[in-house]
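This report concerns only the one structure given below.
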Amino acid sequence: MKQTHLITAAALLALSPLVQAVDKHEPAFSRVIVDEFEARDADEGTVAAWEAAAWYGGDLNKLYLSTEGERLMDNGGETEGFETRVAWNRAFAPFWDWQLGARRDWQPDDPNRDWASFGVQGLAPYLFESEATLFVGEEGLTNLRLEAEYEILFTQKLILVPAVEANFYGKEDEELGIGEGLTDIEAGLRLRYEIRREFAPYIGVNWERQFGDTAAKTRGAGDDVSETTLVAGVRFWF
Amino acid sequence: MTTSPLMGRRRFVQGLALGTGALGIGGLGMSPAKLLASQGQTGAATLSGNTFNLAIGGADVNLTGTTRPATLVNGSLPAPTLRWREGDTVTLNVTNYLPETSSIHWHGLLLPFQMDGVPGLSFDGIAPGETFTYRFPIKQNGTYWYHSHSRFQEQSGVYGAIVIDPAEADPEPVDRDYVMVLSDWSDEKPEQIYATLKKLSHYYNFNERTIFDTLRDFREKGVVQTLKDRHMWNTMRMSQSDLADVTGYTYTYLLNGRSPNANWTGLFKPGERVKLRFVNASAMTFFDIRIPGLDMTVVAMDGQPVKPVRFHECRLGVAETIDVIVTPEKKQAFTVFAQSIDRSGFARGTLTPDPAMSAAVPEMDPPPLLGHTEMGMGGMAGMNHGDMEGMNHGAMDHGKMDHGAMKGMQHDDMGHGGMKHAGMQHKGMQHDGDHKVPFAFVADNPDLAPRTSAVQHLDSEYGPGVDMRAMAPAAMLDDPGIGLRERDWKVLTYADMETAGGPPDSLMPDREIVLHLTGNMSRYMWSFNGIKFADAVPLELYHGERARITLVNDTMMTHPIHLHGLWSDLELGGGRLLRKHTITVKPGEKLSYLVRADATGRWAYHCHLLYHMEAGMFREVRVVDNATTKEARS
């Protein structure tokens, strides 16, 4: 395919009177990054969790795809729910992009949820990877998600990554048992060793807790509102 | 941190001792005879005369222990050294055996633009299987080089030296004459390197500051001071160790095609005058060159003779050439040592009276850290304000400079060498002739928008593609540069040199064109004035005019800027010029050079760091007849 591309480019160069020394058209690049692909020792058994993204595009405009979710591995396995997102990512400042897109929450038992998304992501001062996204769903549902991540280098290859995510809902989603206001916070601490930049096994701890009405609903159903798990996984990209 | 990966890497970086330069056949018309011909002492055959047949083709090389595909000229790495004579007309039949368009650019040569070898500007390139015949008269002498100007072929081997003997007797006759081609080789495909930089720009930097560095700084400098020092870097989101985009992690540095372990060796007899013609033919690497135990005397730079200066070390930018003379008196071997600017690796060779002798290889220096000078914070700015006012740059945006903060800053990291020299460069700032030179203004060219001073940042510099702007760029011609300021020995700088015979052309420019060197490291975007080549329009020079080009480096990287087809006469101050084809601009530096637009046509103008050029730090310069222009003077 690369070959074809080069030959096409050569043909274009030969034909066009406006041929250029370096490409005037912007080449596109792509990256697939599986940031988390891990096993968690949850109370109900081993849970597989993932967080992955892919982009394709040029310096300023990129198409973003991402997914995250969990699946219970024991007892025959059951996907606990996951989300997929697609967005147009546009650079608007040296360290910041905005994102316009859509998200679907896939629920195994409950109804799926579709959202439009409006987000900002980038590198905040002091090198915090940050993301703030507002999701607007059907029937007036809104979800604000804030995420931040930081890298602490012990060596050039041994890197500790604290990360935190918080979700807020503008109104109750009764069907899914989610209350208004702050619904949940997830915090993680992962220590990875980059065997290569592209490939790093890690271990860590993940803590999740529900808050407010959401927590009350969960308690009402007899479930735990907080869970701390040890995790082990691998981060890779290409 | 374990030591074993480091050891492994060291061996990799230094390459193979045996088998280096072993070349396989890539199946593209390379005959074994041609390959054998490349096994000369320099790693490249020397071809002389006035008619040459050059074949660009694929071939395998093994420089690191792994056989990898390369793109080579006549099957040799570097390409054959071409020896021409001033006054001759040379004919070069260049056949492209690659499956993609190719080209050869004759770097630093004065020639008709159609012969300059830049696809899209000079010609359409050389299509696969085709032969292009270059023919041009040689109007100069000295050390130059040639390389592909297509995609990344230069990185994978299409580069070689050109030596032009003077028509008259050589003013600096020598007993021996060696071409010293420095380059950077990667087993990775260059396309892959570029894609990797776009995905993760610090991929090749394994010198990031760790938490242990911070703890050590806490101990040595105190917590408050350390946090203050780090504050600016953290708020700017910049890495203090970002000296090279591509490093020894993937590069093996070569001297005449030999890895450090393969140890290129040149012979001399004690007492002989030996000329070394260094050519930095690398894609991305600045080399700091020295020969422990031996001083060098520079006699030419970029092919042009300079008044001789004795020195011990110099930094050679990508695409620059320097001719030095050494006179080893003793019967002992010397190491030619060229470490990369970020100290992630080195090229090495040996000068010896006896092939059995070699000399110790010095340790690399610890990697330096970028400081306030590199940030364009005016490490030396305090001294230059007077000059700036003298230049009618009163409109410079002093409001944006936080003088209080600058005074409060600790300058531990910035290298006091820079400070020490600072007072000396006044002349460089006062433009010779002291007459007011109008800034070029062209209504439909955003590069030439109205400006009131050279340091002013145009609106185009504010956007996602520009991550910083120097607040107080300064004259730094006599600054040896990061990592070389604390030397106990003489480090050559541009300010030390001067074109032999005095200024080769007028000191009085007609117009001033200002370009800021800009980029966004984390997005790996590079540009002039915040505008990538893809979004730029050609810069027009009027045939015959004398233009001043002023460059302001708003990035934290050193950039070698090359104008094709026309000389760049660097203004040194005091009526002195240094005639060059490629000018290295340090972070935070502002410098000017004069260009006589004496060759019409379409010329390339770009940063000679290969991946910066590809990313868009590139312009077309058109030299046009005045009648066809729509200039509006400001």
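Remarks
- Look at the stretch A:173-189: where a residue is within 11 Å of A:ARG209 (Cα to Cα) and a partner is not in a strand (DSSP E or B), sitting 6+ places away or on another chain with Cβ atoms under 6 Å, you get A:LEU182/A:PHE211; A:LEU182/A:GLY212; A:THR183/A:THR214.
- Taken over the stretch B:487-517, residues that are part of a loop (DSSP other than H, G, I, E, B), over 22 Å from the mean Cα position of the chain (by Cα) and of a type in the set (D, E, K, R) amount to 3.
- Flag if A:GLU138 is farther than 17 Å from A:ALA49 by Cβ and modelled with pLDDT under 95: yes
- Residue in the stretch A:47-82 that is farthest from B:ILE531 (Cα to Cα), counting only those that are of a type in the set (Asp, Glu) and modelled with pLDDT under 95: A:ASP74
Every residue, every condition in (1) more than 14 Å from every other protein chain (Cβ to nearest Cβ); (2) under 21 Å from the mean Cα position of the chain (by Cα), yes or no:
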{"site": "A:LEU127", "(1), (2)": "no, yes"}
{"site": "A:GLU139", "(1), (2)": "yes, no"}
{"site": "A:LEU158", "(1), (2)": "no, no"}
{"site": "A:GLN210", "(1), (2)": "yes, yes"}
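- Boolean, B:ALA599 is of a type in the set (Gly, Ala, Ser), closer than 22 Å to B:GLY501 by Cβ and either outside any helix (DSSP H, G or I) or within 14 Å of chain A (Cβ to nearest Cβ) (or both): yes
- Scanning the stretch B:186-203 for residues that are more than 17 Å from B:MET525 (Cβ to Cβ) and either assigned to a helix (DSSP H, G or I) or hydroxyl-bearing (Ser, Thr, Tyr) (or both) yields B:SER186, B:PRO190, B:GLU191, B:GLN192.
- Residue identified as out of contact with any Ser or Thr (no Cβ under 7 Å at 6 or more places or on another chain) and away from chain A (no Cβ under 14 Å) among B:PRO137, B:PRO166: B:PRO166
- Top-ranked residue of the stretch B:527-545 - restricted to ones that are more than 10 Å from every other protein chain (Cβ to nearest Cβ) and among the aromatic types (Phe, Trp, Tyr), ranked as surrounded by the fewest Cβ atoms within 10 Å (Cβ to Cβ): B:TYR542
- Qualifying residue in the stretch B:618-626 (condition: in a loop (DSSP other than H, G, I, E, B), surrounded by fewer than 23 Cβ atoms within 10 Å (Cβ to Cβ) and of a type in the set (S, T, N, Q)): no
- Residue in the stretch A:102-120 that is closer than 20 Å to A:ALA53 by Cα, of a type in the set (Gly, Ala, Ser), within 13 Å of chain B (Cβ to nearest Cβ) and free of Cβ contacts under 8 Å to residues at least 24 places away in the same chain present: no
- Residue match in the stretch B:546-553 (condition: at pLDDT 95 or above, in contact with a helix residue (DSSP H, G or I) (Cβ under 9 Å, 6 or more places away or on another chain) and under 21 Å from B:HIS107 (Cα atoms)): no
- Inside the stretch B:305-358, residues that are touching a strand residue (DSSP E or B) at 6+ places or on another chain (Cβ under 8 Å) and within 16 Å of B:PRO560 (Cβ to Cβ) make up a count of 12.
- Any hit, the stretch B:160-177, residues being under 23 Å from B:THR51 (Cα atoms), assigned to a loop (DSSP other than H, G, I, E, B) and of a type in the set (Val, Ile, Thr): no
- Hits in the stretch B:82-130 (condition: within 12 Å of chain A (Cβ to nearest Cβ), β-branched (Val, Ile, Thr) and under 19 Å from B:ASN53 (Cβ atoms)): B:ILE126
- Within the stretch A:1-30, the set of residues being at pLDDT 70 or above, of a type outside the set (A, V, I, L, M) and either more than 21 Å from the chain's Cα centre (by Cα) or surrounded by 17 or more Cβ atoms within 10 Å (Cβ to Cβ) (or both) comprises A:HIS25, A:GLU26, A:PRO27, A:PHE29.
- Among the residues listed as B:SER183, B:SER241, the single one being within 13 Å of another protein chain (Cβ to nearest Cβ), out of contact with any Cys (no Cβ under 6 Å at 6 or more places or on another chain) and not in a helix (DSSP H, G or I): B:SER241
- Residues considered: B:PRO270, B:PRO190, B:PRO260. Of these, the only one that is at negative phi, surrounded by fewer than 22 Cβ atoms within 10 Å (Cβ to Cβ), touching a Phe, Trp or Tyr at 6+ places or on another chain (Cβ under 9 Å) and not small (Gly, Ala, Ser) is B:PRO190.
- Residue among B:PHE152, B:PHE132, B:PHE136 that is under 30 Å from A:GLU198 (Cα atoms), among the aromatic types (Phe, Trp, Tyr) and either in contact with a helix residue (DSSP H, G or I) (Cβ under 9 Å, 6 or more places away or on another chain) or buried (at least 16 other Cβ atoms within 10 Å of the Cβ) (or both): B:PHE152
- All of (1) modelled with pLDDT under 95; (2) within 14 Å of chain A (Cβ to nearest Cβ) hold for B:GLY75 with one exception: (2).
- Residues that are away from every other protein chain (no Cβ under 14 Å) and aromatic (Phe, Trp, Tyr), drawn from the stretch B:186-223: B:PHE218
- Entry remark, the stretch A:31-46: residues being part of a strand (DSSP E or B) and at pLDDT below 95 number 4 in total.
- Search result, residues across the stretch B:507-522 that are within 11 Å of another protein chain (Cβ to nearest Cβ) and either under 19 Å from B:PRO450 (Cβ atoms) or surrounded by fewer than 21 Cβ atoms within 10 Å (Cβ to Cβ) (or both): B:THR518, B:SER522
- Subset of the stretch A:193-226 [outside any loop (DSSP other than H, G, I, E, B) and closer than 30 Å to B:TYR204 by Cα]: A:TYR193, A:ARG196, A:PHE199, A:ALA200, A:PRO201, A:TYR202, A:ILE203, A:GLY204, A:VAL205
- Consider the stretch B:601-620 and keep the residues that are more than 18 Å from B:VAL552 (Cβ to Cβ) and hydrophobic (A, V, I, L, M, F, W, C). The one that is farthest from the chain's Cα centre (by Cα) is B:TRP603.
The values are calculated or read from the model by the stated rules, or taken from the named source; none is laboratory data. Source: prediction; values computed, not measured. A quick note on method: Cβ atoms are made from the backbone with ideal geometry, for glycine too, and the neighbour counts reach across all protein chains shown.
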